[in-house]
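Below is one structure, written out as structure tokens; comments come after it.
The values are calculated or read from the model by the stated rules, or taken from the named source; none is laboratory data. This structure is a prediction, so every number in the text was calculated from the model and none was measured. Note that we place each Cβ from the backbone using ideal geometry, even for glycine, and neighbour counts take in every protein chain shown. These accessible areas exclude ligands, DNA and RNA; they are computed on the full protein's heavy atoms, side chains included. Shrake-Rupley method; radii C 1.70, N 1.55, O 1.52, S 1.80 Å.
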Amino acid sequence: MTEASVVRAEGEADKQMAQASVPFTLAVDAMGGDNAPKIVLAGLETALIHHPKIRILLIGDEEILNQSLKNYPRLSAACTVRHAPESIPMDMKPTAALRVRGSSMRAAMEAVAAGEARGVVSAGNSGAMLALAKIIVKALPGISRPAMAAVQPSARGDVVMLDLGANIVCDARNLVEFAIMGEAFAQATLSLKAPTIGLLNVGSEDLKGDERLRQAAERLRDSVLADSFHGFVEGHDITAGVTDVVVTDGFTGNVALKTGEGALKLALGLLRHVFQTNWLTKLGYMLVRPGLRRMREWIDPSRYNGAVFVGLNGIVVKSHGGADAEGFASAVDVAIDAVENTLNDKIRHRLEQLGMLGQPVEAKEQE
């Protein structure tokens, strides 16, 4: 590395540390989700305990919010309310949501695009969020398709997985972009310096999978990500924690995610049934209850709430629509981590190294 490169790297590090130490604003869609705004406000009140310097731009029905804020003194002191007369229903189609000009979700996206806020958090309609984010916040130069990324538990610790449903059909370039974004996301949220990356496939052998997977793998092996690229991984490798990042298309990722959630519910249900069989199994439950409590805390869905639409010109975080206050607070934590750990700067840096920053995307790859 040349002296100029060292100086540049040190300057970028100083810049990132300075950015992370400066208080910033998050825009929050107060009307999105199954139990808004109550759960949203309660979640923000909890999140501010750990992040007292954060400012909140709270967007929604002004009369309802001002009345409700009387019950949340910490949030009331840290937020500014902005009126938005409409909200987007959870079952509204994305094309219809784009036409709702006065929605709280749109206003939150506009605040990020205008630079008033560094990120947005919403528990609202995910399809509408992605559509609005693409049009208002826009993708980073060099990113053809933003992806949905989230953290999942594994036997070796937390694992980043993407795409989880934003892009049903993907080509080799999209998968390479997802690998770049997944690496940056793991660095920002899991504090991993050099996360390992795997491409989800039907087998670990190099000849397995379709052409797009083999092309993506070849590009990654020939790139600056070569040392981090593990190769192909299979479905069972996700929960085994074989790699820190698992990359796949949105269709496969969403199916894998929901299959995992279903398997977990089944296992917990069967375990509950076993311990309720007779007095002996109930006694056994009393003996192992402390361990089961720790396990429940480890795999608690609230702890993993908060998926990020990575690859955008701002931080956009989707909370589960049915999340409780603790879960919404976790989504806010994800947004704060992404901002403070300069997620987008890390993505831009990798795109620049790969010669993809601002690179035009062919029309056939955008279809």
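Please find, among LEU57, LEU41, the residue that is surrounded by 15 or more Cβ atoms within 10 Å (Cβ to Cβ), in a helix (DSSP H, G or I) and modelled with pLDDT of 95 or more.
Working: LEU57 fails: in a helix (DSSP H, G or I).
Sole residue among the options that is surrounded by 15 or more Cβ atoms within 10 Å (Cβ to Cβ), in a helix (DSSP H, G or I) and modelled with pLDDT of 95 or more: LEU41.
Looking only at the stretch 144-160, decide whether some residue is part of a helix (DSSP H, G or I) and crowded, with 19+ Cβ neighbours inside 10 Å. No, there is no match, as no residue in the stretch 144-160 is part of a helix (DSSP H, G or I) and crowded, with 19+ Cβ neighbours inside 10 Å. Total residues in the stretch 67-76 satisfying the condition of being open to solvent by less than 80 Å² (accessible area, probe 1.4 Å) and more than 11 Å from ALA30 (Cβ to Cβ): the figure is 2.
So, in the stretch 60-72, exactly how many residues are touching a residue at least 12 places away in the same chain (Cβ under 8 Å) and in a helix (DSSP H, G or I)? Quick ask: steps written out before the conclusion?
First, pick out the residues of the stretch 60-72 that are touching a residue at least 12 places away in the same chain (Cβ under 8 Å): 60-62, 64-66, 68-69, 71-72.
Among the residues that remain, those that are also in a helix (DSSP H, G or I) are: 62, 64-66, 68-69, 71.
The total comes to 7.
For ALA139, work out the one condition from (1) modelled with pLDDT of 95 or more; (2) closer than 26 Å to GLU177 by Cα it doesn't fulfil. Here ALA139 clears every test but (1). Would you say HIS236 is open to solvent by 90 Å² or more (accessible area, probe 1.4 Å), at pLDDT 85 or above and in contact with a Gly (Cβ under 6 Å, 6 or more places away or on another chain)? In short, no. Considering only residues that are open to solvent by less than 60 Å² (accessible area, probe 1.4 Å), more than 22 Å from the chain's Cα centre (by Cα) and not polar (S, T, N, Q), which ones fall in the stretch 99-113? Selection gives VAL100, GLY102. If you filter the stretch 188-212 down to residues that are open to solvent by 40 Å² or more (accessible area, probe 1.4 Å) and touching a helix residue (DSSP H, G or I) at 6+ places or on another chain (Cβ under 6 Å), you find that the one that is modelled with the lowest pLDDT is LEU192.
With the condition being within 22 Å of the chain's Cα centre (by Cα), I'd like the helices (runs of 4 or more DSSP H) fully within the stretch 162-240 carrying at least 2 qualifying residues. Outline the logic, then answer.
On the way: elements: 172-190, 211-221, 235-240.
In the stretch 162-240, the matching helices (runs of 4 or more DSSP H) lie at 172-190, 235-240.
Given the criteria aliphatic (A, V, I, L, M) and under 28 Å from MET105 (Cα atoms), does LEU220 qualify? Please lay out each step first, then the result.
Numbers: aliphatic (A, V, I, L, M): yes; under 28 Å from MET105 (Cα atoms): no.
Taking the combined requirement at face value, the residue does not satisfy it.
Number of residues in the stretch 114-133 that are in contact (Cβ under 8 Å) with a residue 40 or more places away in the chain, assigned to a helix (DSSP H, G or I) and surrounded by fewer than 24 Cβ atoms within 10 Å (Cβ to Cβ) equals 2.
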